[in-house]
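Worksheet: one structure, shown below.
The values are calculated or read from the model by the stated rules, or taken from the named source; none is laboratory data. Given the structure is predicted, the values throughout are model-derived calculations rather than measurements. Counting neighbours? That spans all protein chains shown, and the Cβs are built from the backbone with ideal geometry, glycine included.
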Amino acid sequence: MLKLRSEIGFDCEMKFTTTLIEGFKAAWPICMGYFPIGLAFGVLAQKAGLRPIEIALMSVFVFAGSAQFIAVSMLSSGAAVMAIAMTTFIVNLRHFLMSSSLAVYLQRADRKFLSLFAYGVTDESFAVNMAKFREREWDKGRALVVNHVANAAWVISTVAGGYGGEFIPAGSFGIDYALSAMFLALLVFQLRGRIYYITGILAGALAVVLSLLIPGNSYVVLASVLAATAGFCLRRHVQRKKGIHVN
Amino acid sequence: MSTDRYLFTVLSMGLVTYIPRWFPLFFLARRRLPQWLIEWLDLIPVAILSALIFADLFTTQSPGRLDLFQIKSLVALPTFLFALKTRSLGGTVIVGMSLYWLADKFL
């Protein structure tokens with residue numbers, strides 16, 4: 001009995017270790033990309049008069065790159081709290097769509113887990129986790145590790161920047177391109193048929209046009225919703241034409 | 001700025017960021033979603049990724065202007081083809097960074 005129990009314990013520990021390792025492996029490109037952006041944010045925040053502890057607080061509570069950049073520039077121009085919160089809300093509204101997509105893969109998670117998981121939903125963790133869930137080699141534990149490893153990288157790099165990250169020259173080794181390259185690869189993983197290409201090109205073209213027309217970054221939500229809806233209608237239309245019954 | 005006011009600012013930012021992340025997970029994840037919604041959500045990742053990438057590659061910020069041929073968009077093509085060919089995330093990141101570094105140096 002005792003032996004059995006220790007074996008089960010060992011088994012659990014092994015599983016836990018594998019989850020950690022797999023999560024770390026999936027998260028490293030995110031960390032790589034966060035590092036230069038986090039440093040840049042820290043430097044900027046420090047110049048705006050924030051202490052490292054204050055930078056840490058923002059990175060922990062908010063954990064959203066572009067919103068934090070905007071907030072710091074608003075803070076230094078003396079904007080009202082209400083205005084900063086409203087702007088943050090609008091900038092981060094796109095996560096609503098991402099969480100909705102992730103929900104499809106988290107059907108059996110309990111609400112405590114979901115509430116914890118929600119904290120770490122960012123553009124980057126969303127893209128990595130969706131690609132992994134698609135390959136069906138992923139589970140909620142690993143996805144949660146990705147969220148929190150990315151979060152740790154963000155907090156550490158922003159605080160490091162706050163301590164004076166200027167000594168690291170900008171643009172070293174093309175690291176500024178890490179996130180762009182990662183997003184390109186993750187986009188490729190999503191292209192699993194003609195309808196995905198069409199939806200992607202449409203979303204991209206709409207995003208370029210809308211980003212030039214409307215201020216802020218609500219173009220992401222608008223372009224995504226419009227393109228996904230058009231892609232959805234097109235797919236249904238083709239199915240109907242071919243006489244495939246869809247409920 | 002006072003510490004209290006800063007704390008209040010950061011907490012309110014955190015709250016309005018957390019709610020859109022939390023709401024769909026909390027309310028959608030534990031119920032059976034209709035087929036049309038699943039199919040629609042299936043197209044959301046490719047749409048969001050394309051929207052983020054295209055805007056990043058083909059425009060400049062402040063002032064927002066169309067700029068189709070900048071270093072990051074030129075490097076994107078070989079990086080994209082590499083990803084298409086190898087389907088390797090880590091490899092694509094390394095290749096993209098190296099190309100960008102070289103292009104920045106020599107172009």
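Of all residues being under 21 Å from residue A:146 (Cα atoms), small (Gly, Ala, Ser) and in a helix (DSSP H, G or I) in region A:33-66, which is farthest from the other protein chains (Cβ to nearest Cβ)? Just the residue, please. That would be A:38. Answer yes if at least one residue in region B:65-82 is at the interface with another protein chain (Cβ under 7 Å from one of its Cβ atoms), surrounded by fewer than 14 Cβ atoms within 10 Å (Cβ to Cβ) and outside any helix (DSSP H, G or I), and no otherwise. Yes, the conditions are met somewhere in region B:65-82.
Does region A:229-241 contain at least one residue that is among the aliphatic types (A, V, I, L, M) and either at positive phi or buried (at least 23 other Cβ atoms within 10 Å of the Cβ) (or both)? There is no residue in region A:229-241 that is among the aliphatic types (A, V, I, L, M) and either at positive phi or buried (at least 23 other Cβ atoms within 10 Å of the Cβ) (or both). Give the number of residues within region A:104-127 that are at pLDDT 95 or above and within 7 Å of chain B (Cβ to nearest Cβ). Final tally of qualifying residues: 6.
Do we find a residue being within 16 Å of residue A:155 (Cα to Cα) and not charged (D, E, K, R) anywhere in region A:84-91? Checked against the condition, which is being within 16 Å of residue A:155 (Cα to Cα) and not charged (D, E, K, R), region A:84-91 yields no hits at all.
Cβ-Cβ distances below 9 Å connect the following pairs, each with a first residue in region B:80-107 that is of a type in the set (D, E, K, R), a second residue that is surrounded by fewer than 16 Cβ atoms within 10 Å (Cβ to Cβ) and not in a helix (DSSP H, G or I), and a separation of six or more residues or different chains: B:104/A:171.
Of the residues making up region B:24-33, one or more are hydrophobic (A, V, I, L, M, F, W, C) and more than 7 Å from chain A (Cβ to nearest Cβ).
In region B:69-92, the residue that is modelled with the highest pLDDT out of those that are of a type in the set (Lys, Arg) and over 16 Å from residue B:107 (Cα atoms) is B:85.
Only one entry in A:149, A:128, A:145 is over 20 Å from residue B:23 (Cα atoms), within 10 Å of the chain's Cα centre (by Cα), assigned by TED's automatic domain parsing to the domain that holds residue A:22 and crowded, with 20+ Cβ neighbours inside 10 Å, namely A:128.
Per-residue answers, yes or no, for (1) in contact with a His (Cβ under 7 Å, 6 or more places away or on another chain); (2) free of Cβ contacts under 8 Å to residues at least 12 places away in the same chain; (3) in a helix (DSSP H, G or I); (4) surrounded by 17 or more Cβ atoms within 10 Å (Cβ to Cβ):
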| site | (1), (2), (3), (4) |
| --- | --- |
| B:14 | no, yes, yes, yes |
| B:22 | no, yes, yes, yes |
| B:56 | no, no, yes, yes |
| B:63 | no, yes, no, no |
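Restricting attention to region A:67-82, the residues that are more than 9 Å from chain B (Cβ to nearest Cβ) and in contact with a helix residue (DSSP H, G or I) (Cβ under 7 Å, 6 or more places away or on another chain) total 4.
Residues of region A:115-149 that are out of contact with any His (no Cβ under 7 Å at 6 or more places or on another chain) and under 14 Å from residue A:95 (Cβ atoms): A:117, A:118, A:119, A:122, A:123, A:124, A:125, A:126, A:127, A:129, A:130, A:147. Helices (runs of 4 or more DSSP H) fully within region A:115-230 that include at least 2 residues being more than 21 Å from residue A:29 (Cβ to Cβ) and in contact with a Ser or Thr (Cβ under 9 Å, 6 or more places away or on another chain): A:194-213. Number of residues in region A:67-97 that are within 15 Å of residue A:218 (Cβ to Cβ) and part of a helix (DSSP H, G or I): the value is 12. Scanning for something buried (at least 22 other Cβ atoms within 10 Å of the Cβ), under 20 Å from residue A:132 (Cβ atoms) and of a type in the set (Ser, Thr, Tyr), does region A:94-111 turn up at least one residue? Yes, some residue in region A:94-111 is buried (at least 22 other Cβ atoms within 10 Å of the Cβ), under 20 Å from residue A:132 (Cβ atoms) and of a type in the set (Ser, Thr, Tyr).
Applying the condition of being of a type in the set (A, V, I, L, M, F, W, C) and at pLDDT below 95 to region B:96-107 and asking which residue is farthest from residue A:207 (Cα to Cα) yields B:106.
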